[in-house]
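Some notes on the structure that comes next.
The values are calculated or read from the model by the stated rules, or taken from the named source; none is laboratory data. Computed from a predicted model, the values in this text were never measured in an experiment. Here the Cβ positions follow ideal geometry from the backbone for every residue, glycine too, while neighbour counts run over all protein chains shown.
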2 protein chains.
Amino acid sequence: MPDENLDLPGSADIFSAAQAIAERIHRTPLITSAQIDRICGAHLFFKCEHLQKTGAFKARGASNALCHLPAGTSMVATHSSGNHGAALAWAAAARGLACTVVMPDTAPLAKRAAVAGYGAEIVLCGPTLQDREAALRKVVESTGAHVVPPFDDSRIIAGQGTVALEIIEQSRARGFNPDIVLTPVGGGGLLAGTGLAMAAMAPEVLVLGAEPAGADDAQRSLRSGTHVTSQTADTIADGLRTTLGQRNFALIRETVKDIVTVSEQGIVDAMQLLWTRTKQLVEPSAAVPLAAVLEHPARFRDKNVVLVLSGGNMDLERAASLFAEEATES
Amino acid sequence: MPDENLDLPGSADIFSAAQAIAERIHRTPLITSAQIDRICGAHLFFKCEHLQKTGAFKARGASNALCHLPAGTSMVATHSSGNHGAALAWAAAARGLACTVVMPDTAPLAKRAAVAGYGAEIVLCGPTLQDREAALRKVVESTGAHVVPPFDDSRIIAGQGTVALEIIEQSRARGFNPDIVLTPVGGGGLLAGTGLAMAAMAPEVLVLGAEPAGADDAQRSLRSGTHVTSQTADTIADGLRTTLGQRNFALIRETVKDIVTVSEQGIVDAMQLLWTRTKQLVEPSAAVPLAAVLEHPARFRDKNVVLVLSGGNMDLERAASLFAEEATES
C-alpha cells in the first residue's frame, strides 16, 4: 500500500502548473509520419518534447518546482543523469538562483555540458541511486541548498503532467481521439503526471509506460503490486536507468494500465527510424515508446497512439556508433 | 551572355507551380533557435525543407515538372546524386509513371535506398556530369523516357521557387522582414527559383547563395560573369557537387547579389550546431548556409536572415563519423 503520508499531487495541481509555467516553456508540436504509420500498422502522433526548452520535458517539472520554493530559498540542488539537471540549472538561472547538480560519471558529455552551460555547479558521483543520494546529502549539508528531486516530488509530477493537457488539447484541435498515450518510464515523473492528467481529463484513454527490458523495475513493480526499489540497470537509454519513485509508483498503480518492455536493439531500431523518417534527433530514451509499438504490434494495431518523444540530448558520436554497429551487422 | 534561345521561367511560372503542387507537397515550418542566434549575432529563420516530402525541396520541382509533361509520356528519367532522383521517383509513382534514375556510384546509400523505395530503377555511373549525361542518354535511347533534368529546366526552377513564396508569406505572418535569404547552390535550381521569386515579390530582400569552397563554380561564374562549367568537386556536401546549369546561371546573374563559400570544417560545425541545438537532422548540403553565417559573421550581423535547410537525407553512419573525427581532434 502507498504510504498514506505521501503528499501526492492531484489533477488540480497539473492545471495550476500549466498556468504557472505557460510563459516559460514551449507548447511543443505533435507530428506524424505516414511512413512510420505504414511500418507500424497504427496511427502514431509524436509529442515533440525534444523540442522543449533544454531539449526535454524536464523543463516543465523544474519550472513548476521553482514556483513552489520555500520562502528565502537562494540555492537549489538535485541529482540527475542529465535532463533534469539541465532543466533545473536552466530554471534556476532564469530566477537568479544558484544551482548544484550531482551527476553520475556515466552521464553523456552533452548532458554535462548543458548543465555547465546554464551556469550550475556539477558534482560527479557513481552510477547508483545510493551514490547519487549520498553525494546530494553532502551538498545539502555544506550549502543548505533546497533539494528539487528529479521525479519523486509532487511539484515535479504536476509539472510533467502538463504535457498530457497539451496532448488532449492538440488531439481535439486535430479532430482525433487518442486510444493510447505511451510515455517512457524511468523515475516515473512523466508517466505518473500523464496518468493523473488523463484519469481526470480523458479517462477513456489508455495510459501505458514503456521501459527498457534492462531496467524493468517499473513493470515488475506495477505487475507485482510491490514497489521494486533496486535494479542493475543495463540500457543505452541513459534517462531511464533510475528506479521508480514512491509517489510515482503510488500514482502509476492507480492510473496506468500496463508497462511494456523493449529490447536494446529495439531502441536502436526505433531511434534510427525516427531520425531517418521524421528527421528529428531524439535520444535513446525518447525512442523507447516507438520501440514498444514496433516490438508489440498487436497491442497497437489500427489505434491512435500518442508517443512522447521525451528528449533530444545525447553525444552524437555515441549515438552514431550505435548505427555504425548496426550497419556492420546487417 | 546567356543563350537567347533558353526557355527561362518567369515569376508567373512560380505562381502557377505553387498552385499546381499545393496538394502534393508540405508547407514546411520556419523555425528559430535563440541559442544559434546568440552564437551568430543575427536573427536566423530556418526554412525546414528537410521536412518536405521525400526529405528535400526537390519534391517541389519534380512535382511541378510532372504537371508539364508532353502528352502521352509514360516514363521519365533523370540523373541525380540523390534528392532529385528520389523526388522524381516519388512524383512519378504518384502518377503511375515508370521512372529510371542515373546515380553516381558515390551517392549516399540512404539516397539510393530512397529512390529504390519509391519503385524507380537505378542505373549507376561515374561521378562526373559527363558520366551521368552519357548514362542518361543511353537510357533515353533504349526506352524513349522523357528526361526531367535535376536543375537546368524551366519547370524545375519554377517549382523550387515556390519555397520563396512560402518564405515571404510566413515572414509576413510572423511580422518580420527578411533582410537576406540564403540558399545552398549546386546546380542552381533552388537559388535561381528563389532569386526569381524574390525579385518579383520582395525585391528589397538580398538573395545570396552559399557553396562549399571545394565546389565553388557558382561563385566563380557569378563573380567573373562567365559560366564555369567544369570543376573537380571535393566536398562532403554531396548535393552540391554539380556545376551550375545554363538557365540557372542566366537567372542567378540577374537576381542574386553574391555567392559565399564555406570550408568543409565549417559545414561539419554548422551541421553539428543544427543537430544539437534545433534537434533537426539535416544533411551536409543543408548546413552550408549556416556555415556561411558562421564563417562570414560581419555580412549577417543583426540581420533577419532566412536560411533554407535544403534536405535531411544521408547515411547516419557517415554523418556520425564526421562528428567522431571532430571529437577526436578537439
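Quick rundown of the values:
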{"item": "Odd one out for A:Cys67, checked against (1) in a helix (DSSP H, G or I); (2) touching a residue at least 60 places away in the same chain (Cβ under 8 Å); (3) buried (at least 24 other Cβ atoms within 10 Å of the Cβ)", "result": "(3)"}
{"item": "Residue count, region B:301-310 (criterion: more than 11 Å from chain A (Cβ to nearest Cβ) and either of a type in the set (Val, Ile, Thr) or buried (at least 24 other Cβ atoms within 10 Å of the Cβ) (or both))", "result": "5"}
{"item": "B:Phe15 in contact (Cβ under 8 Å) with a residue 24 or more places away in the chain, over 30 Å from B:Thr100 (Cα atoms) and away from every other protein chain (no Cβ under 14 Å)", "result": "no"}
{"item": "Qualifying residue in region B:70-78 (condition: over 17 Å from the mean Cα position of the chain (by Cα) and surrounded by 24 or more Cβ atoms within 10 Å (Cβ to Cβ))", "result": "yes"}
{"item": "Single residue of B:Asn313, B:Asn304, B:Asn248 found to be within 30 Å of B:Asn5 (Cβ to Cβ) and touching a residue at least 60 places away in the same chain (Cβ under 8 Å)", "result": "B:Asn248"}
{"item": "Sole residue being within 14 Å of another protein chain (Cβ to nearest Cβ), more than 19 Å from A:His50 (Cβ to Cβ), free of Cβ contacts under 8 Å to residues at least 40 places away in the same chain and over 19 Å from the mean Cα position of the chain (by Cα), chosen from A:Ala298, A:Ala324, A:Ala320", "result": "A:Ala324"}
{"item": "Extreme residue, surrounded by the fewest Cβ atoms within 10 Å (Cβ to Cβ), among residues of region A:253-285 that are closer than 28 Å to A:Leu196 by Cα and in contact with a Gly (Cβ under 6 Å, 6 or more places away or on another chain)", "result": "A:Thr255"}
{"item": "Residue satisfying all of: in region A:28-69; more than 17 Å from A:Ala93 (Cα to Cα) and away from chain B (no Cβ under 14 Å); farthest from the chain's Cα centre (by Cα) among these", "result": "A:Gly41"}
{"item": "Qualifying residue in region B:172-181 (condition: closer than 30 Å to B:Arg318 by Cβ and surrounded by 17 or more Cβ atoms within 10 Å (Cβ to Cβ))", "result": "yes"}
{"item": "Selected residue (only one of B:Leu251, B:Leu281, B:Leu290, B:Leu222 is of a type outside the set (D, E, K, R), more than 14 Å from chain A (Cβ to nearest Cβ), out of contact with any Cys (no Cβ under 7 Å at 6 or more places or on another chain) and closer than 17 Å to B:Glu49 by Cα)", "result": "B:Leu290"}
{"item": "Subset of region A:210-226 that is in contact with a helix residue (DSSP H, G or I) (Cβ under 9 Å, 6 or more places away or on another chain) and of a type in the set (S, T, N, Q) - its residue that is nearest to A:Pro184 (Cα to Cα)", "result": "A:Gln219"}
{"item": "Any chance B:Arg247 is over 19 Å from B:Ile39 (Cα atoms) and modelled with pLDDT under 95", "result": "no"}
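Matching residues to (1) more than 24 Å from A:Val262 (Cα to Cα); (2) modelled with pLDDT of 95 or more; (3) part of a strand (DSSP E or B):
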| position | (1), (2), (3) |
| --- | --- |
| A:Leu165 | yes, yes, no |
| A:Phe176 | yes, yes, no |
| A:Ala218 | no, yes, no |
| A:Thr242 | no, no, no |
